[in-house]
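Here's the structure we're looking at; comments come further down.
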Amino acid sequence: MRVPEFPLSMVIAAALTGLGLGLLLDVLFLRRWVRRFYMANLWLMIILYLGLSIVAVAFFMGFPVGTIALGTIAGIYMGRRATHAHIDCINAVPTLRITALIAASVTAVAALPIGILALNEQGVLRMLENLSGINQASLRGAAGFTLVALLCVLLFLIQYWFSRKAGFLACNIGERNAQQSAGAGKAAQLKR
């Protein structure tokens, strides 16, 4: 099968036309799209988050890097959502805590079976033996399960902190930007 050849000028013209059309659509519809994004149904967003968490676990082959990043993004989303709903950051605290708890729970629950399955891997056992000083035979039993559980608790705390801090930062930045925009609007009205 042969791919048809196009002159370079045609490719450049098509690319610039697409860029121009994209910019025009952004100018016309971007504010509405952003508003709808931050006012989306929370249950839909939770389902999307859970689905993306599964993808993140698979993509990073069990390492919690993807779920930690996704949980941090969830915190940012909820902070920005509070700003778009004109909720000040003090009143957004309970929502941001719940978001951080959900993100931390998903991260820890996803890591627990992976950690337990990793106890069957010789390389993982060797690494844990070197780090903890516990022999490999003990790591295959209760000591291994306890170590995995403790690491999942640590992962829970890390995710909770990241999600909560990201949410607060996003809310505070959004609140400051809104105040600056309101101040600039008042200054423009005073000049008139």
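Laboratory data are not the source of any read-out in this text; all were calculated from the coordinates shown. Predicted model only: the values in this text are computed from it and were never measured. Because the Cβ atoms are built from the backbone with ideal geometry, glycine has one as well, and the counts that use them run over all protein chains shown.
How far is helix 8-38 tilted off the main Cα axis of the chain, in degrees rounded to 10, range 0 to 90?
Around 80 degrees separate the two axes.
Among 137-145, 73-81, 155-163, 29-37, what's the highest-first ranking by average C-beta atoms within 10 angstrom per residue?
On the way: 137-145: 14.7, 73-81: 22.8, 155-163: 20.2, 29-37: 10.8.
So the order, starting with the most tightly packed, is 73-81, 155-163, 137-145, 29-37.
Would you please name the GluC sites (Glu not before Pro) within segment 89-179 that are DSSP coil residues with at most 15 other C-beta atoms within 10 Å of their C-beta?
Those satisfying the criteria are Glu121.
What is the local net charge at His84, summed over the other residues whose Cβ is closer than 14 Å to its Cβ (Lys, Arg +1; Asp, Glu -1)?
Here the count lands on +4.
Around Leu128, what is the net charge, scoring Lys/Arg as +1 and Asp/Glu as -1 over all other residues with Cβ under 13 Å from its Cβ?
Net charge around Leu128: 0.
No other cysteine beta carbon under 4.7 Å away is the test; run it over the chain and list who passes.
Lone cysteines by the Cβ rule: Cys152.
For a quick check: sort Ser181, Ser53 by the number of other beta carbons within 10 angstrom, fewest at the front.
Placing the least packed residue first, the sequence is Ser181, Ser53.
Once you order the gyration tensor axes a ≥ b ≥ c over the Cα atoms, which shape class does the chain get: rounded for a/c under 1.5, otherwise prolate or oblate by comparing a/b with b/c?
Verdict is oblate for the chain.
Angle between the Cα long axis of helix 142-191 and the longest principal axis of the chain, 0 to 90 degrees, nearest 10?
Taking Cα atoms only, the helix is inclined about 10 degrees.
Where the only charges are on Cβ atoms (+1 Lys, Arg; -1 Asp, Glu), what is the dipole of the chain about its Cα centre, to the nearest 20 debye?
Using Cβ point charges on Lys, Arg, Asp and Glu, the chain gives about 860 debye.
Karplus couplings for segment 101-115 from phi (6.51 cos²θ - 1.76 cosθ + 1.60, θ = phi - 60°), rounded to Hz, Gly and Pro as x?
5, 5, 5, 5, 5, 4, 5, 5, 5, 5, 7, 4, x, 5, x
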